[in-house]
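Participant: Please find one structure pasted underneath; my questions will follow.
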Amino acid sequence: MRLLLSGIVGSVAYGLAGPDSDVDRIGVFAAPTVAFHGLRPPQESVVTTNPDVTMHEAGKYCRLALSGNPTATELMWLPDDCYETRTEFGERLVAIRSAFLSAPRVRDAYLGYATQQFRKLTSRDSSVGGRRRSAKHARHLARLLHQGRVLYATGVLEIRLADPEWFRAFGERVAGGALAEAEALVAAAEQDFDRIRTPLPDRPDEETVERWLLDVRAAHLPPAQYLD
């Protein structure tokens, strides 16, 4: 496989990392195009832990980003110092990042993932991992709602948070029992999504995305072989 774009995501990118935070990485790679025609197509994702690395094949990455998946999407919006690999195709991917966006999918994805975090806070298993884990869920809930609203309102995804201390303090309050504050934050975000006049289109620009993907496929064909 050939790595096209990769970088550090998660708490380090957001500015929320603490002394014990993991360093999460995500990337996009291209598999040899002919491999898709064989009996065993190439892996669509390669995931490792310790270190925490997730790599998606270009086709799967495009599908994830088109669906509004927050983790996939943020790779195209990282601060420059968070990128570790930037090839020509990676640069082109960053250049067309807005083509992946659509209003319904941004709303559904960010609200949906935030709601998942809230359910983790209120589930019977919420005590597993203790206060530290609950604070992490609460921080991610608030971060997803904030990023989703900004993206929905402006068409720009804010990765590095302007006030990370607010998110840390919110996480500690919720972990300390202020679940009503988390519930109110979700309800307020839902109202904001209803009232915001978004610049995002109803549908992503799949034609632009597919053009990039087809160029990746063409570039990873083997050299033509000619018979004498």
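The values are calculated or read from the model by the stated rules, or taken from the named source; none is laboratory data. All of these numbers come straight from a predicted model, not from anything done at the bench. Cβ sites come from the backbone with ideal geometry, for glycine too, and all protein chains shown count toward neighbours. Note: accessible area is taken over every heavy atom of the protein model, side chains too, but ligands, DNA and RNA are not part of it. Shrake-Rupley method; radii C 1.70, N 1.55, O 1.52, S 1.80 Å.
Participant: Highest mean first, how do 27-40, 140-153 rank when packing is the count of other Cβ atoms within 10 Å averaged over residues?
Facilitator: Result, highest mean first: 140-153, 27-40.
Participant: Can you run the Rg to Rh ratio on the stretch 140-228? Use alpha carbon positions and the Kirkwood inverse-distance Rh.
Facilitator: Details: Rg = 21.7 Å, Rh = 16.8 Å.
Across the stretch 140-228, the Cα-based Rg/Rh ratio is 1.29.
Participant: Also, quick follow-up: Can you pull the percent of Cα pairs in the chain with separation above 33 Å?
Facilitator: Here the long-distance tail beyond 33 Å is 23 percent of all Cα pairs in the chain.
Participant: For the chain, what's the relative contact order in percent, using C-alpha pairs closer than 8 Å and at least 6 residues apart?
Facilitator: On the way: 342 pairs, mean separation 55.5, N = 228.
Answer for the chain is 24 percent.
Participant: At 222 nm, what value in deg cm²/dmol follows for the chain if DSSP H runs of at least 4 each add -39500 (n - 2.57) and the sum is divided by all its residues, to the nearest 500?
Facilitator: One gets -15500 deg cm²/dmol as the mean residue ellipticity at 222 nm.
Participant: If you average over every viewing direction, what projected area does the convex hull of the Cα atoms of the stretch 44-179 give, in nm²? Display every interim value, and only then the final one.
Facilitator: On the way: hull surface 37.1 nm².
Value for the stretch 44-179: 9.3 nm².
Participant: Write down the accessible area per residue of the stretch 66-206 in Å², having rolled a 1.4 Å probe over the full set of protein chains.
Facilitator: Per residue, the stretch 66-206 has an accessible area of 50 Å².
Participant: Among 78-88, 187-197, 51-61, how do they line up from the highest to the lowest mean number of other beta-carbon atoms within 10 Å?
Facilitator: Ranking, from highest mean packing down: 51-61, 78-88, 187-197.
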